[in-house]
Amino acid sequence: MLGLMQEVPLSIPMLVRRARDLFPDKHVVSRRPDRSIGRAPYGDVIARSGRLALALRALGVAEGDRVATLAWNHQRHLEAYFAVPSMGAVLHTLNLRLHPTDLAYIIGHAEDQVILVDQVLWPLWEKVAPLVRVKHVIIMSDGGETPPGAIDYEALLSGSADDTFQFDDRDERTAAAMCYTSGTTGRPKGVLYSHRAIVLHTFMSLASDSAAIVERDVMLPVVPMFHVNAWGFPYTTAFVGATQVHPGPHLDPASLLELMSTERVTMAAGVPTIWLGILQALDAAPGHWDLSAMRMTLVGGAAPPESMIRGFKQRHGVVVQQGWGMTEMSPIGSVSRLQRKHDDIPEHEQYHQLAKAGYPVPGVEIRARSESGLLPWDGTSMGELEVRGPWVVREYYRPEDPITQFTDDGWFRTGDIVTIAPDGCITITDRSKDVIKSGGEWVSSVALEGALMGHAEVFEAAVVGLPHPRWSERPFAVVVRKPGALVEAPALKAWLAERFASWWVPDDFAFVDALPKTGTGKVQKSQLRDTYRDRFAGADEAGAAHPPAEAGA
Ligand code: AMP
């Protein structure tokens, strides 16, 4: 027997209509490349989106066609977020930090028909353009000459000065957006988000145990709009009528802090690297920026160190909430929040708890597997995390490499190595390709990095496994000191030895000015492994290392 309720499609126009009808006077704020601030009410932004949709249609964009963007976070990018899926086309956000040849591969693979490019990114586009074929190039500029062959965004919109676009429902199963994985191994893989997945992800993000965005929030997504739909925040924020503040290309700590302070931002989101920089700036100038409106910042994309979570709260009153997710998961999979039972544990244990990836959000199911099968939720058995849910990828878009990431019963293999506690709390110990196996035993690079970043003189740290003649691999740490700090390897070894079994302590350290990062701000461990590959090649076979058998651990 079928239910007798209305079958309203879960499609992006539903989100846009609500912002248009209920919150036409709430604002979208953008920092332009020249640092000036632009403000527009949702009513205008959505009217412009409607015009963009009509103009794209007039250019020949048909249902299912891919429309790419090469852009920072700002109002016009948001207009494309609303317009392109609402007209039945697919918004393909391009990662502007990728190499031109990678961008060309992705544009070719997705068969993008039209591309919208920021004026400040035109030099990048000029490197990509000769390698691809797209029908129309639209430049989003704030003045100056339109390059030959390009269409000016504002001219395009005023050419379609017609407010008849209706934002009608779409088939919820159709594709709304696409994003390619960062692809540190193999070719980047395309993830094709359906309207339904994005809308359900939006509802989940509003839950109090998730991101819990409300109308009165002022949301600053530092996470780029080219990275998994800025974690869905442009849609989530519009749906509840919260103010959006977009930082444009100015992502340095001082610019972000100024924006947070002057716009009275209540909530922000970004990767740990950004927040480490912000914490350092705040510590260097306490009281300089007014963050009294901030109620929380969501940090994810890599593990935020416990010391950072503690530092923000204790020294600056800012709550850091961790989220774990993936491009393949739209992206939010888990959120770290204290539960009622944690009220009674000591404060330092609460921070320890918050440094874990946390509990799966409502709608996402989890399990972990090792070679011997599914693992118990005992908080110690380590294996690969598998997930299932309505906003989790079912298959990649036209994959070129063999895909082994789906189980026979349709779960997605995340590639993250975890333990799951009896209460369902996830702890990420490593990415499977980054695990360190010393003398046959796993060493968690994430745990070591978190501890190193808790040292007063360490700004950032990465730990990788390097080939070792006796133990097959040994941990090696690459450290960025805080400005003026002089800490050396012996002190850091002693620091770690107080916290971990002796055989976990890295055999050696390198000190560098900065860690290599991927286009989405994660440490590029493959590059570190390549750079230091032979570091232990000549190590004494007896070795100073103490894997468990020797250490009796
Ligand atoms: P991406 O698809 O680029 O967003 O990368 C997803 C990967 O980032 C995950 O599979 C994890 O390895 C890592 N990641 C994301 N969030 C976290 C987190 N909170 N803690 C640890 N790793 C994370």
- Item | Relative contact order for the chain, counting Cα pairs under 8 Å that sit 6 or more residues apart, in percent | 11 percent
- What are the radius of gyration and Dmax of the chain, computed over its Cα atoms and given in Å? 23.9, 78
- Message: Debye calculation, C-alpha points only, no solvent: report log10 I(q)/I(0) for the range 436-551 at q = 0.10, 0.14, 0.16 Å⁻¹, in the same order as the q values.
- Response: -0.27, -0.54, -0.71
- Take every Cα-Cα pair in the range 419-466 and report what % of them are more than 17 Å apart. 44 percent
- Counting alpha carbon pairs within less than 8 Å and at least 6 residues apart, what relative contact order, in whole percent, applies to the range 436-551? 29 percent
- Note on the structure: The pairs in K356/K437; K26/K356; K189/K433; K26/K135; K356/K517; K313/K433 lying past 24 Å Cα-Cα in this model are K26/K356; K26/K135; K313/K433
- How big, on average over all directions, is the shadow cast by the Cα convex hull of the range 173-213, in nm²? 3.8 nm²
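Below 8 Å, C-alpha to C-alpha, sequence gap of six or more: please give me the relative contact order for the range 252-431 in percent.
Values: 323 pairs, mean separation 27.2, N = 180.
The normalised contact order for the range 252-431 reaches 15 percent.
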- Message: For a quick check of your reading of the filter: which trypsin sites (Lys or Arg not before Pro) in the range 123-228 sit in a DSSP loop and have no more than 15 other Cβ atoms within 10 Å?
- Response: R133, K135, R173, R216
- Message: Counting only helical runs of four or more DSSP H residues, what would the 222 nm mean residue ellipticity of the chain come to if each run contributes -39,500 (n - 2.57) and the total is spread over all its residues?
- Response: -8000 deg cm²/dmol
- When the label point is put 7 Å from the Cα of L22 along its Cα-to-beta-carbon vector, which residues of the range 192-221 have a backbone N closer than 11 Å? 214-216
- Item | Size descriptor, Kirkwood hydrodynamic radius, that averages inverse alpha-carbon separations across the range 6-150, Å | 16.0 Å
- Task: Among V132, L121, T93, pick out the residue whose Cα is farthest towards the positive end of the charge dipole of the range 84-180, where Lys and Arg carry +1 and Asp and Glu carry -1 on C-beta, about the Cα centre.
- Result: V132
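Determine, for each peptide in 520-531, 44-55, the mean count of other beta carbons within 10 angstrom over its residues, then list the peptides with the highest first.
Highest-to-lowest ranking by the protection proxy: 44-55, 520-531.
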- Query: Per 10 Å bin from zero, what fraction in whole % of the C-alpha pairs of the range 293-410 is there, up to the bin with the longest pair?
  - Reply: 12, 35, 33, 15, 5, 0
- Query: For the range 252-431, what is the accessible area per residue in Å² when the probe is 1.4 Å?
  - Reply: 43 Å²
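The values are calculated or read from the model by the stated rules, or taken from the named source; none is laboratory data. Just so you know, these numbers come straight off a predicted model, no measurement behind them. We place every Cβ from the backbone using ideal geometry, glycine too, and count neighbours over all the protein chains shown. Side chains are part of the model used for accessible areas, which takes the heavy atoms of the whole protein and leaves out ligands, DNA and RNA. Shrake-Rupley method; radii C 1.70, N 1.55, O 1.52, S 1.80 Å.
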